[in-house]
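This report concerns only the one structure given below.
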Amino acid sequence: MKKPNISFRLPKVKIYGIDVIKNFLFFTLFILLTLLFIAFVISPAIHAFKSSKKEYYQTKYTLDITTKEYKEKLTELKKLQNSNRKILNALKRDFNADNFKMFASKYMSISSIKEVNSTVYQDDFIKTTYIMKSKIKSPKNFYDLIDSLKNYKSVLRIYFPIDFIKNKENIDLTLKLEHYKLKPKKAE
């Protein structure tokens with residue numbers, strides 16, 4: 001048996017020497033391939049770009065809000081630092097017994113200041129306790145010293161109870177004095 005010879009031939013239509021049917025088929029194939037390229041390559045890229053653009057603007061909006069809050073907090077912090085500069089500087093200073101003796105000399109005569117212990121206070125401060133022995137002429141001098149401690153260059157606290165013992169013309173005074181200092185930060 002012989003195979004039938006089935007062949008498909010395109011008719012030839014030429015205008016000005018251009019085969020119109022072949023050109024129409026090539027043009028249709030080109031349009032089809034272009035649409036497939038757009039559908040499978042460009043469309044996902046455009047979708048990814050749009051989602052990235054949306055995420056970018058959301059992130060930029062969040063950054064702008066955070067930056068604004070940061071600047072407000074920084075301004076507030078600088079105001080607080082300026083208004084509390086004296087206290088912050090006082091918290092950075094070490095206690096100098098000789099300097100304190102000179103400061104307190106107009107109120108009392110200090111015979112000794114002895115360091116008892118040093119501990120961490122509230123995780124951010126170092127509290128050093130001193131026992132101070134002195135002589136005063138009247139209790140008013142002691143209360144004047146307490147009032148003037150707010151002008152001293154370190155942060156000090158007089159801890160009660162205080163021992164007042166009358167000794168002839170003077171009063172022997174024994175008290176506990178606490179000095180507060182910022183704990184040094186560890187290098188990270």
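The numbers here are math on the coordinates, done by the rules we state, and not lab data. Not measured: the values here are computed from a predicted model. Glycine also receives a Cβ, built like all others from the backbone with ideal geometry; neighbour counts cover every protein chain displayed.
Starting from one equal scatterer on each C-alpha and no solvent at all, send me the Debye-based log10 I(q)/I(0) for the stretch 18-92 at q = 0.26, 0.28 Å⁻¹, two decimals.
Results for the stretch 18-92 at q = 0.26, 0.28 Å⁻¹ read -1.06, -1.10.
Which entries of LYS101/LYS185; LYS150/LYS185; LYS133/LYS166; LYS127/LYS185; LYS135/LYS183; LYS86/LYS114 show an alpha-carbon separation above 21 angstrom in the structure shown?
As for pairs spanning more than 21 Å Cα to Cα, those are LYS101/LYS185; LYS150/LYS185; LYS135/LYS183; LYS86/LYS114.
If the chain between THR28 and ILE87 were fully stretched, how many nm would it gain, using 0.36 nm times the residue separation less the Cα-Cα distance?
Value of the extension gain: 12.9 nm.
Run the reach check for LYS60 against lysines, Cα to Cα strictly under 17 Å, same-chain hits fewer than 8 apart removed. What comes back?
Straight-line reach from LYS60, under 17 Å: LYS50, LYS68, LYS71.
Please report Rg over Rh for the chain, where both radii come from the alpha carbon positions and Rh follows the Kirkwood definition.
1.75
For LYS14, which lysines qualify as cross-link partners when the Cα separation must be under 18 Å and same-chain residues fewer than eight apart are set aside?
Within the straight-line cut-off, LYS14 pairs with LYS22.
Just to check I understand the Karplus step: with θ = phi - 60° and J = 6.51 cos²θ - 1.76 cosθ + 1.60, what whole-Hz values come out for the stretch 13-20, glycine and proline as x?
Couplings: 10, 10, 10, 6, x, 10, 6, 5 Hz.
I want to check the label-to-label distance for ILE165 and ILE126. Put each point 7 Å from Cα in the C-beta direction and report it in nm to one decimal.
Placing both labels 7 Å beyond Cα along the Cβ direction yields 3.2 nm.
Which percent of Cα pairs goes in each bin when the distances of the stretch 95-182 are cut into 5 angstrom slices starting at zero?
So the P(r) values, bin by bin, are 3, 14, 25, 27, 16, 9, 4, 1, 0, 0.
For ILE146, put the label point 7 Å out on the Cα→Cβ axis and report which residues of the stretch 103-126 keep their amide N under 16 Å from it.
107-108
What are the aspartates and glutamates whose alpha-carbon lies under 13 Å from the alpha-carbon of LYS181, with same-chain residues fewer than 8 places away excluded?
Once the sequence-local aspartates and glutamates are set aside, what remains near LYS181 is ASP94, ASP123, ASP124.
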